[in-house]
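Okay, structure first, notes after.
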Amino acid sequence: MYSNSVMNVKKKLEFSDMDLILVAVLFITTIDATMVDIGNEIVTNMSIILDRPLDTKPFLDNNLFFNTSGHIVSFYAILHNTNAIHFQIWRPRDDRNESYQLVGEMRHVPVEAGSHLQHIQLTPCEYIKVKYGDRLGFSYAKDSGPLTYLFLTSPGQSSLYQSRDRLKTRPLEGDKVKFDKLPNPFKFNFGARVDTDAPAGPQGPAGPRGLAGAAGTNGRDGSDGLPGPPGPRGSADPEVLRSVMYEACSCEDIDGIFNKDMIIMLLIWCGVLSCVSIILFLVMCCMCAAINKDRRSQSQTTEAYIIDPKS
C-alpha cells in the first residue's frame, strides 16, 4: 500500500532512500545558552500530506526524547489543515518503554494551513515543565489531523508508537497509557523548543485536601509544674464529719460500724429482744391474773363462812 506512494514521491521529488533517512533523523539544536530545539528535522519540500485519516489514539515518537530539563516555551510544525491538535509530553513509567504517563499537553487550533513552518508560542502560564527522558507526542481531536509527515521505506527506522487500546475518552494529565511500536516508519514534521532557564508560571489554585496522615508518636511527659496557691476553705460535708468521728472515737475503721451487715445484725437482735420482752410481759400478766383470781376466791369463801347462820 505504501510502496507505490513512496515510489511516486521519489519520482516526483527525485531523492533516494538514503536521502529520506538522512532528513528524517532526530535533531537537537542549541539556539542559545538556554534554548534547545527537540524534534524531527523539518524539510518543507519533502513533506507529504497525510491523505488517509488517522484515529484519535495518541502517538509518541520514542526518538524525540528530552535530553535536558526545563520548560517548553513553543512548538513548531507544518500544518496542512486547521483541525485541532494536542501537543503532548509523555513520561516513561517502565523499563520496557510500554507504559507512559501524560505529564503535560497544549491544544492548538491552527488559524491557517500551508507548507510553511509555523511556531506556536506559549504564554508563561502555559509553559510545560519537562524532565530528562520525557517523550514528545501528539493526538488529534478529529480523524484527519493537521501534521504532515515523512515516510521512510525502511521499517527499522520507525520510532513512532501508538496507544495499544482505543480509548473511550482522550487521556488527561496524569493518566497512564500503554503504547505499541508501529511498523510503518512515519516521521512527523513537528518539534518543541525548551528553555532550560525559563521561570515557572504563576502558581495555580490549591488542590483538594489530602487524606489525614498517620498518628504521630506520643511525646515525653513534661516536668511537674509549680504548686498552686491554697484554695478557699470549704463547707463541712458528711465525709468530713465521718473523719472527725473517726478521729474522736479512735476507731480503726469507721466504715465497719455503719456497714450493711452490721445494721442487719442490729435489727435482728432488736427483733429477738422485742419478742423476748413481749413473751415475758405476757407471762407476767398471766401470773398476775392467776394470783388475783386466787385471792378473790379466798375472799368469797371467807364471807360465806361468816354469814351462814347454821354455823
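Looking at the range 257-274, is at least one residue at pLDDT below 65 and either in a loop (DSSP other than H, G, I, E, B) or within 30 Å of T34 (Cβ to Cβ) (or both)? Checked against the condition, which is being at pLDDT below 65 and either in a loop (DSSP other than H, G, I, E, B) or within 30 Å of T34 (Cβ to Cβ) (or both), the range 257-274 yields at least one hit.
Scanning the range 67-96 for residues that are touching a Gly at 6+ places or on another chain (Cβ under 7 Å) and assigned to a loop (DSSP other than H, G, I, E, B) yields a count of 1. Just one of the listed residues (L50, L64) is under 18 Å from Q162 (Cβ atoms), at pLDDT below 90 and assigned to a loop (DSSP other than H, G, I, E, B), and it is L50.
Restricting the range 59-116 to residues that are crowded, with 17+ Cβ neighbours inside 10 Å and of a type in the set (S, T, Y) leaves a set whose member that is nearest to the chain's Cα centre (by Cα) is Y100.
Being modelled with pLDDT under 80, surrounded by fewer than 14 Cβ atoms within 10 Å (Cβ to Cβ) and assigned by TED's automatic domain parsing to the domain that holds L182 is a property that does not hold for T56.
Filtering the range 97-137 down to residues that are hydroxyl-bearing (S, T, Y) and assigned to a loop (DSSP other than H, G, I, E, B), which residue is modelled with the lowest pLDDT? So that I can check it myself, show each step before the final result.
From the range 97-137, those hydroxyl-bearing (S, T, Y) are 99-100, 115, 123, 127, 132; that's our starting set.
With the extra rule that they be assigned to a loop (DSSP other than H, G, I, E, B), the set shrinks to 115, 123, 127, 132.
Working: S115: 84, T123: 93, Y127: 95, Y132: 92.
Within the range 97-137, the match that is modelled with the lowest pLDDT is S115.
All of R193, R170, R135, R107 fail the test of being basic (K, R) and within 20 Å of H80 (Cα to Cα), apart from R107. Would it be correct to say that D195 is of a type in the set (D, E), closer than 23 Å to G70 by Cβ, at pLDDT 85 or above and surrounded by fewer than 21 Cβ atoms within 10 Å (Cβ to Cβ)? Criteria met by D195. If the condition is being at pLDDT 90 or above and of a type in the set (F, W, Y), then the range 275-311 contributes only F281.
The values are calculated or read from the model by the stated rules, or taken from the named source; none is laboratory data. Note that the structure is predicted; figures quoted are calculated from it, not measured. Ideal geometry is used to build each Cβ from the backbone, glycine not excepted, and the neighbour counts take in all protein chains shown.
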